[in-house]
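See below for the structure under consideration.
The values are calculated or read from the model by the stated rules, or taken from the named source; none is laboratory data. Because the structure is a prediction, the values reported are computed rather than measured. Counting neighbours? That spans all protein chains shown, and the Cβs are built from the backbone with ideal geometry, glycine included. Just so you know, the surface numbers come from the protein's heavy atoms only, side chains and all, with ligands and any DNA or RNA stripped out. Shrake-Rupley method; radii C 1.70, N 1.55, O 1.52, S 1.80 Å.
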Amino acid sequence: MDAGHGSGGGRLAGSGGRALVGAQLRRVLAVGIVVPLAVGAAIALVGACWAYATGAEPATMAMIAFTQAYPLTVGVCAVAVLAGDPLVEVQAALPVEFRCVQTLRAGLLLAAGMAGALLMFAPLEALGLVYRDIGWAGALTPVGGAALMVLAAYVAVAVAGSSRSASLAVVAIWLFFALVWDPNMPMLALQRGLPLAVLLAAGAGVWRALGSPEYAWRKLGGAR
């Protein structure tokens, strides 16, 4: 991999950038992409079978629990990808490269998590199995929930220092949203917009921290 110097932005040019994206896509494919898409499709299939067996109303109530489990899956997969591979830390000694790899992986996880949420929501909406249905705008809830969990994992992995601590932090954040925030914040713009703004700000701070030489040396030392 060739890292850009001078500006400190870690820009990769041409074939080097494409090679980096391809390499990270292969590394995150099984856990970070296949699992969220498969879980989203499986939840939609369970909803369709449940409605066929028991009717729409019981299936709708059952889907409340199933759909809440999806963002947790995304968050756990994100932690596994961002914290579970020591090669992330030892690919190169330059901190800009570590930051580039970590942020690229988060971007791939974000795209997969949001795609899986749409794959889950679209059939449930078409079958009328969405609780408190507000139409297709309701897709913002699962899609935004997946984005929240990826951002939470990105921040938690950088701050917590271990995959176990990061996993516990992500589970605690998921519990807060599932049990406290979402049920008591019906306004969709605030339900997803406010926490996304907070986590984006935290993610920007983490992005800056990932570029510091001190952080890079700590991660390199921990990986050995």
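Observations on the model:
- Qualifying residues in region 7-20 (those that are exposed (fewer than 14 other Cβ atoms within 10 Å of the Cβ) and of a type in the set (A, V, I, L, M)) - the one modelled with the lowest pLDDT: A13
- Pairs where the first residue, in region 51-73, is over 17 Å from A146 (Cβ atoms) and assigned to a helix (DSSP H, G or I) and the second is of a type outside the set (A, V, I, L, M) and open to solvent by less than 30 Å² (accessible area, probe 1.4 Å), C-beta under 6 Å, 6+ apart: A59/G47
- Scanning region 47-78 for residues that are out of contact with any helix residue (DSSP H, G or I) (no Cβ under 6 Å at 6 or more places or on another chain), buried (at least 17 other Cβ atoms within 10 Å of the Cβ) and hydrophobic (A, V, I, L, M, F, W, C) gives a single hit, V76.
- Residue in region 134-143 that is closer than 20 Å to L25 by Cβ, surrounded by fewer than 22 Cβ atoms within 10 Å (Cβ to Cβ), modelled with pLDDT of 95 or more and touching a helix residue (DSSP H, G or I) at 6+ places or on another chain (Cβ under 8 Å) present: no
- Look at (1) more than 20 Å from R99 (Cα to Cα); (2) surrounded by 15 or more Cβ atoms within 10 Å (Cβ to Cβ) and you find that L199 fails only one, number (1).
- Test: residue in region 79-95 that is of a type in the set (D, E, K, R) and either modelled with pLDDT under 90 or surrounded by 14 or more Cβ atoms within 10 Å (Cβ to Cβ) (or both): yes
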